Amino acid sequence: MTYIAIPIPTSSKKQDIQIEVTINNQKQAQHYKVELFYWEDCQDPKGHRADCLSEMLSHHDPNWGLYYIGAPTEKFVPITFVEKREGGKIPEV
C-alpha cells in the first residue's frame, strides 16, 4: 500500500473525515475519525502513558480500526481511526 498525506486542520474536538479518491478511474470512499484521548481520563493518570492508552483503546468501538497515533501533548493524544468494511477488514487504498 502507498500513502499520501492530506493536511487536516488542527481541532480541539472530535473530527469526522470522509474522503473519496479515484485511483485508475476507480472511486473508493474512506471514512476516518480523529479523537482526542485525554490523559486525565486514565484509570491511573500518573501511570505510564502507554498503559493508559492501551486501556482507553480497549474500550473503543470495534467497527473502527486504529490507523495513526499522533504526537501527544501534555493534555491529550490524537488518534486517527479508519472505519472497517464488511467482514471487519480495514480498507486498503
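Selection over the range 1-13 of residues that are over 14 Å from Val82 (Cβ atoms) and surrounded by 10 or more Cβ atoms within 10 Å (Cβ to Cβ) gives a count of 1. Scanning the range 73-84 for residues being assigned to a loop (DSSP other than H, G, I, E, B) and surrounded by 14 or more Cβ atoms within 10 Å (Cβ to Cβ) gives a total of 1. Looking across the range 1-15 at every residue that is part of a loop (DSSP other than H, G, I, E, B) and polar (S, T, N, Q), the one that is farthest from Lys75 (Cα to Cα) is identified as Thr2. If you go through the range 22-71 and pick out every residue that is surrounded by fewer than 15 Cβ atoms within 10 Å (Cβ to Cβ), without any contact (Cβ under 8 Å) to a residue 60 or more places away in the chain and part of a strand (DSSP E or B), you end up with 8.
Each value in this text was obtained by applying a stated rule to the coordinates, not by laboratory testing. Because the structure is a prediction, the values reported are computed rather than measured. Cβ atoms come from the backbone with ideal geometry, glycine included; neighbour counts cover every protein chain shown.
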